[in-house]
Amino acid sequence: MRLATAATALALLAGTIALAPAADAAPAPGPVPVVFVHGRNADPGVWGTMKDRFEQAGYPAGDLFAWGYDSSRSTNEVLSGQLAAYIDSVRAQTGSAQVDIVAHSQGSLPTRWYTKFGGGSDVVRHLVSLGGPNHGTSLAWACAIWDQGCRDMTPNSYVESHLASGDETPGATEYATFWSDCDGFILPNSSVPLSGAVNTDAGCLAHNDLLTDAPTAQGVLDFLKR
């Protein structure tokens, strides 16, 4: 009888152990905050459609940021320093050690300067350049006399030459570019791709359509998941 009682107790104990709830699994890490950087003569509002697509893909609205800056009067180096300060504020606000950057057009230059010369290569996890004048655009000569941003975007400018020197995609940051045969602003469109980046032909899109095109947004989202 004692043996039966002991066996019954062990069976009950085993059942209790089996039925005990498993420890809660650690929550999956949330997405890295994204900083969107607009192009020349634009403002953070141009990212409305892209932000909506990111939210539909599961990004919390509180992890999506858009930096605004003066695209015509400040030098690229000054803008890079302002971007660094903004990213520091995003990291403090979100508690994230890193950010992803999605830049359009001229915005590609201060973001790349930050990762290459401003200590941002450990902070920026992914950098996406949409229609960026990464090797200059001949169209910038039309406004280079009075516009600092245009001067920085001219082929072989101080900014372009330094960014092209050595490794175009330095550090731990992963880079991607999206370019279009029908851009119209980045001339030639072969200026956009970077050596060492994931370079994608977005099809025949106008320069600003890169901001709202659904397949391009999906391509950016897929890259940020890497």
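The values are calculated or read from the model by the stated rules, or taken from the named source; none is laboratory data. Please read all numbers here as calculations on a predicted model, not as lab measurements. All Cβ positions, glycine included, derive from the backbone under ideal geometry; neighbour counts span all protein chains shown. What goes into the accessible areas is simple: the full protein's heavy atoms, side chains included, and nothing from ligands, DNA or RNA. Shrake-Rupley method; radii C 1.70, N 1.55, O 1.52, S 1.80 Å.
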Item to complete: Along Cα→Cβ, 7 Å out, is where each label goes; now give me the distance between the ones at Asp167 and Leu187 in nm to one decimal.
Response: 3.5
Worksheet item: In whole percent, what relative contact order does region 36-154 give with Cα contacts below 8 Å and a gap of six or more residues?
Response: 28
Practice prompt. Could you please report the charge total around Gly95, scoring K, R as +1 and D, E as -1 over all other residues with beta-carbon less than 14 angstrom from its beta-carbon?
Written response: -1
Practice prompt. With r as the distance between the Cβ atoms of Ile145 and Ala61 and R0 = 45 Å, compute the FRET efficiency 1/(1 + (r/R0)^6) and round to 0.05.
Written response: 0.65
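Sum up the charges of everything whose Cβ sits under 12 Å from the Cβ of Arg40, counting Lys and Arg as +1 and Asp and Glu as -1, but leave Arg40 out.
Details: positive: Arg73, Arg151; negative: Asp43, Asp70, Asp147, Asp152.
Taking every Cβ under 12 Å from that of Arg40, the sum is -2.
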Worksheet item: Over the C-alpha atoms of region 88-208, what are the Rg and the largest Cα-to-Cα span, Dmax, in Å?
Response: 14.3, 43
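Return a whole-number percent for the relative contact order of region 105-157, with Cα pairs under 8 Å and 6 or more residues apart as the contact set.
Working: 52 pairs, mean separation 18.0, N = 53.
For region 105-157, the relative contact order is 34 percent.
Rounded to the nearest 0.05, what FRET efficiency is calculated for Ala214 and Ala85 with R0 set to 25 Å and r the Cβ-Cβ distance? Don't skip to the end; give the middle numbers.
Numbers: r = 33 Å, r/R0 = 1.32.
Computed FRET efficiency for Ala214 and Ala85 comes out at 0.15.
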Practice prompt. Report, in whole Å, the centroid distance computed from the Cα atoms of region 53-131 and region 145-183.
Written response: 15
Response to the item:
GNM of the chain, Cα pairs under 10 angstrom: of Gln98, Gln56, Gln148, the biggest fluctuation goes to Gln56
Item to complete: Using the heavy atoms of the protein chains and a 1.4 angstrom probe, tell me the accessible area per residue for the chain in square angstrom.
Response: 47
Item to complete: Please grab the % of Cα pairs in the chain that end up more than 28 Å from each other.
Response: 34
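Could you order the peptides 79-87, 139-147, 123-131 from most to least packed, using the average number of other C-beta atoms within 10 Å per residue?
Values: 79-87: 18.9, 139-147: 14.9, 123-131: 26.7.
Result, highest mean Cβ count within 10 Å first: 123-131, 79-87, 139-147.
Summing -39500 (n - 2.57) over the DSSP H runs of n ≥ 4 in the chain and dividing by its residue number, what mean residue ellipticity at 222 nm do you reach, to the nearest 500 deg cm²/dmol?
Numbers: 7 runs with 80 residues, N = 226.
The per-residue figure over the chain is -11000 deg cm²/dmol.
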Item to complete: Counting only C-alpha contacts under 8 Å and six or more residues apart, can you give the relative contact order of the chain as a whole percent?
Response: 18
Worksheet item: At a 1.4 Å probe, what is the % contribution of carbon and sulfur to the accessible area of region 126-218?
Response: 59
